[in-house]
């Protein structure tokens, strides 16, 4: 197929970062070893996560690399064989940087999802509601801080927890229980999963959330549908 090339850099597993130059019918491209995506997923990188995928897409665009989803490999575009050496530096730089997905601060990924959800809600409600971040929406429960609070002009309050980790799901369930115990009925608690099937939240916790008083939505099931569902509970949309 061409050549196996060992770079002077290491993959996170400790082996030299190796890639391939494939030649085919007068054209050529670089390809990864065929295991890089599997290596990253095995270490917990979730490529179905919208925030992680956005970061990956930015890296791909910056280095002019393509994610071949059919072969599950990182590749360059096809070029003439004589032009292939010109792609070497950028391809090695990409392969070195893509492993940074492992070491991303988890808060960065969580905040990206939270920002996306907040932006979508702001666009939906416009002047019909006030959206506040990090507030305790119930005066008698000052320690119960909610990530996103939507206060409509009609007096309805939506308390929204973006759930990307176990602790967020548990906090949402606790808040919903406090509302129930204290007979507070003008606040609707919502939990929004970035990816309902994520391994970051245990199956037991997801099952408990389903059985709790929480309203639920999944971002990976359709962003517009999530926003419309929340809007229906606000009384601003039939």
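The values are calculated or read from the model by the stated rules, or taken from the named source; none is laboratory data. Note that the coordinates shown come from a computational prediction; the quantities given were computed from them, not determined experimentally. No Cβ is skipped: glycine too gets one built from the backbone with ideal geometry, and neighbour counts run over all protein chains shown.
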Looking across region 214-238 at residues that are outside any helix (DSSP H, G or I) and closer than 16 Å to residue 128 by Cβ, the single one that is modelled with the lowest pLDDT is 238
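Conditions (1) closer than 20 Å to residue 52 by Cβ; (2) over 24 Å from the mean Cα position of the chain (by Cα); (3) not in a strand (DSSP E or B), marked per residue:
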| site | (1), (2), (3) |
| --- | --- |
| 126 | no, yes, yes |
| 132 | no, no, no |
| 139 | no, yes, yes |
| 170 | no, no, yes |
Could you go through region 68-90 and let me know if any residue there is within 30 Å of residue 163 (Cβ to Cβ) and touching a helix residue (DSSP H, G or I) at 6+ places or on another chain (Cβ under 6 Å).
yes
Note to self: Please verify whether residue 121 is touching a helix residue (DSSP H, G or I) at 6+ places or on another chain (Cβ under 9 Å), in a loop (DSSP other than H, G, I, E, B) and surrounded by 16 or more Cβ atoms within 10 Å (Cβ to Cβ), treating the condition exactly as stated.
What the structure shows: no
With the structure loaded, tell me whether residue 84 is over 27 Å from residue 53 (Cβ atoms), touching a residue at least 40 places away in the same chain (Cβ under 8 Å), surrounded by 15 or more Cβ atoms within 10 Å (Cβ to Cβ) and in the same structural domain as residue 51 (by TED's automatic domain parsing) or whether it fails that test. yes
Residues of region 183-208 being crowded, with 18+ Cβ neighbours inside 10 Å and in contact with a strand residue (DSSP E or B) (Cβ under 6 Å, 6 or more places away or on another chain), in sequence order, are 187, 188, 189, 190, 191, 192, 193
Among helices (runs of 4 or more DSSP H) entirely inside region 1-106, those with 3 or more residues being modelled with pLDDT of 90 or more are 50-63, 88-98
Tell me yes or no: at least one residue of region 43-63 is over 30 Å from residue 192 (Cα atoms), surrounded by 15 or more Cβ atoms within 10 Å (Cβ to Cβ) and not assigned by TED's automatic domain parsing to the domain that holds residue 222. yes
